[in-house]
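Colleague: Next up is a structure, given as structure tokens.
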Amino acid sequence: MRMPVRTSLTYLSPFCILTISGLLSSALKLPVSTAQPVLTTGCVHVGTAGNYDAFYAIALNGWAFLTGGATRSWSAGSADGLLVYWNPQGNPYWIRGIGTSAPNEEIRAILRDPDGNYLLIMETGNTGVVGDQGDVWLIRIALSTTGPTILWAYRYKLGNQRDIPFSGTLSHDGDYVIVGGTYSLGAGQRDIFAMEINRNTGNLEWLRTYGAAGEEMGTEIRKTATGYILVGTSLSYGNSGQILLIHIGLTGALQWARLIGSSGYESALDIEVLQDGSYLIVGGTESYQPYGNREAYALRISANGNTILWGRVYGGTQWDEFHTVIQASNGDILMLGKSQSNVLSGYTEDFYIVRASSATGIPSQTQFYDVYLTGNYATDEPYGANALIEAPASSGFFFVGLTDDGGPGFLPRNAVYIRTNANLADCYCAWGTLNQSTPWIPALTTVFPFSTSYSFVYRTTLFPLLTIGNTYGSQCTTLPFITLQITSVQQDAPNQWTVHFYADLPNPATTGILTLECSPDGFTWQPIDTLPPTHATPNKWQGHLPPTTRYLRLHYATATQHWYSATIPIGQQTTFTAPFTLTTSYSSGRLLLTWHQPCTGKLLLSTFTGQILHTVHVQGTYHQIEWYAPPGKYLITGVLCNQTVYAPLTILH
């Protein structure tokens with residue numbers, strides 16, 4: 001039986017498939033909403049049965065957001081770019097396939113420019129024409145809620161071989177700087193290229209390559225105070241693969257380059273410029289494997305590239321790798337990748353996020369996410385360096401990728417986005433932790449790759465076909481997180497009681513009713529009083545309790561859903577002080593327990609006759625346990641936060 005540890009308390013809804021449709025129209029400039037909406041957490045997937053669909057990139061438009069990737073569900077060729085524009089609640093305004101009859105066209109990155117328009121960074125495939133092996137394809141669009149408007153679309157041919165764009169950043173004057181790998185130009189078999197494109201005209205501003213005799217690939221580029229930092233992997237310097245870090249000036253001139261690595265293969269998949277100007281590189285290493293296989297790593301490098309300030313590997317006994325990294329508004333770093341080390345799902349791949357201190361790299365939180373609709377422990381993973389972003393107002397995080405388990409009628413692979421709150425909690429996918437890391441400091445040397453400037457690129461207009469997509473699925477409701485806690489119960493007089501409680505409810509809490517309930521046995525409940533709605537503020541109730549009262553709980557109910565606090569036994573004791581929050585909820589056979597304070601311990605779910613059904617050892621912070629249980633009478637017992645847990649529970653439906 002699967003016992004996922006999750007990190008949220010949001011009620012689950014039955015799986016549903018919704019259909020949308022839309023018509024292309026002229027785009028209007030969208031106002032950017034600044035009001036915080038009621039947010040949806042959890043997984044939403046896009047695609048159709050029997051096809052391959054994936055998200056690689058995400059960008060924000062106020063509280064709305066845009067995701068890009070690849071689709072075979074809605075394509076003019078074998079695979080087209082997939083573009084979805086979502087409203088703040090996580091429902092799509094529209095879904096579009098963007099491509100031509102050429103194969104393997106996909107959106108690798110999305111940039112939002114100072115004018116509020118967006119650049120889609122794509123590769124267009126080989127059409128079968130001699131000398132046509134795949135080129136850089138850039139499309140600038142404006143958004144409306146009815147569809148994208150193409151402002152310009154150009155194909156950039158660097159030469160007669162394949163040229164692969166991977167990512168990009170805004171230039172210092174708001175234009176676009178693109179990075180990738182080229183077989184057409186440079187000094188070796190494949191070199192890194194970077195080029196700046198004018199955002200208004202699509203004209204080439206400058207183009208340069210960087211490399212040595214072997215193969216280099218550039219995976220990410222970021223803006224620095226004096227130019228740009230780009231990262232990739234090099235096969236030119238003797239080992240199977242090492243990290244190549246290059247700093248260039250405002251027009252691409254090479255300023256310095258560093259080679260980082262050891263005896264094995266290192267992939268360099270993303271880089272972030274931290275708030276102090278230093279760099280954070282992530283990827284996977286086979287040089288140092290303290291846990292038994294390929295490890296995810298993070299390296300913090302000084303701004304001048306001369307010093308590794310710290311380095312760490314993360315993961316478990318199987319394949320682990322980070323694909324992207326961001327620095328959150330509070331200064332933490334968040335690293336997203338994939339992991340096969342989650343023992344609860346076997347050796348398949350899960351989304352894998354580590355939150356760590358930027359000063360040390362020591363993890364403070366680790367989370368796995370698995371889409372689990374049909375019972376498949378399948379592949380769930382991100383692709384590329386643009387798959388993670390922080391939501392506005394520090395309210396949470398978005399990340400994107402693909403899943404092999406999109407649910408009935410959706411297999412084999414769907415594009416998926418997952419939205420969490422600020423504590424990395426979501427209502428469906430989050431379920432396990434592996435909070436371990438080890439220091440690792442590889443060698444750092446200065447290298448001198450060749451750098452060549454080019455003044456011309458062959459550019460042709462290439463407008464895509466737009467295909468309307470119409471299916472997506474969601475695993476979660478649009479309700480926000482609910483936290484209920486009775487913090488203390490005090491007997492003031494022979495039949496006079498004070499109950500202190502905490503309820504984090506929707507603000508304003510107009511959709512439900514909060515009540516205090518009592519029970520003589522932990523199974524039969526009756527309301528005592530209706531409590532005032534609160535939003536993350538302590539409150540209290542004073543009054544009389546029935547003489548048979550042995551247990552208390554809070555109950556928040558809407559028209560369709562119910563939340564309960566932990567059951568508090570008062571028995572013969574006159575005072576109870578809760579050391580932590582323990583909240584239960586139930587839907588569609590899933591019983592969820594949530595607590596929000598760092599805890600270790602052990603919890604058991606048993607029948608009222610004493611048969612133990614589930615046992616879980618608790619370790620870490622911000623956890624949620626999901627157990628599968630039919631209606632009936634149960635006991636939740638154990639020790640949590642060094643406190644005894646005893647919670648009778650009746651599941652009616």
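Colleague: Taking θ as phi - 60°, what are the ³J(HN,Hα) couplings along segment 82-89 by the Karplus curve (6.51, -1.76, 1.60), each to the nearest whole Hz, with x for Gly and Pro?
Modeller: In residue order, the calculated couplings are 10, 10, 10, 9, 10, 7, x, 7 Hz.
Colleague: Excluding residues on the same chain fewer than 8 positions from residue 633, give the lysines whose Cα lies under 26 Å from its Cα.
Modeller: Result set, ordered by chain and number: 602.
Colleague: Taking residue 157 as the anchor, which lysines have their alpha carbon closer than 21 Å to its alpha carbon, excluding any fewer than eight residues away along the same chain?
Modeller: Partners within reach: none.
Colleague: ³J(HN,Hα) across segment 272-289 via Karplus (A = 6.51, B = -1.76, C = 1.60, θ = phi - 60°), whole Hz, x for Gly/Pro?
Modeller: Listing the rounded values in order: 10, 8, 7, 4, 8, x, 6, 10, 10, 9, 10, x, x, 10, 10, 7, 10, 10 Hz.
Colleague: Counting only residues 5 or more places away or on other chains, whose amide H sits under 5 Å from the amide H of residue 379 once H atoms are built in the peptide plane?
Modeller: 349, 404
Colleague: Let me ask something additional. From the backbone phi of segment 133-142, what are the Karplus-calculated ³J(HN,Hα) couplings (6.51 cos²θ - 1.76 cosθ + 1.60, θ = phi - 60°) in whole Hz, Gly and Pro given as x?
Modeller: 10, x, 9, 6, 10, 10, 10, 9, 10, 10
Colleague: Provide the packing ranking of 453-460, 181-188, 58-65, i.e. peptides ordered by the mean count of other C-beta atoms within 10 Å per residue, highest first. The partial results should precede the final answer.
Modeller: Working: 453-460: 12.9, 181-188: 21.1, 58-65: 18.9.
Highest to lowest by the protection proxy: 181-188, 58-65, 453-460.
Colleague: Compute the Cα gyration tensor for segment 88-184, then decide on rounded, prolate or oblate, letting a ≥ b ≥ c be the square roots of its eigenvalues: rounded whenever a/c is under 1.5, prolate when a/b is larger than b/c in the other cases, and oblate in all that remain.
Modeller: Numbers: a/c = 2.41, a/b = 1.46, b/c = 1.65.
Because a/c hits 1.5 or more and a/b fails to exceed b/c, segment 88-184 counts as oblate.
None of the figures in this text is laboratory data; all of them are computed from the coordinates on show. Nothing here was measured: the structure is a model prediction, and the numbers come from that model. Virtual Cβ from ideal backbone geometry, glycine too; neighbours counted across all protein chains shown.
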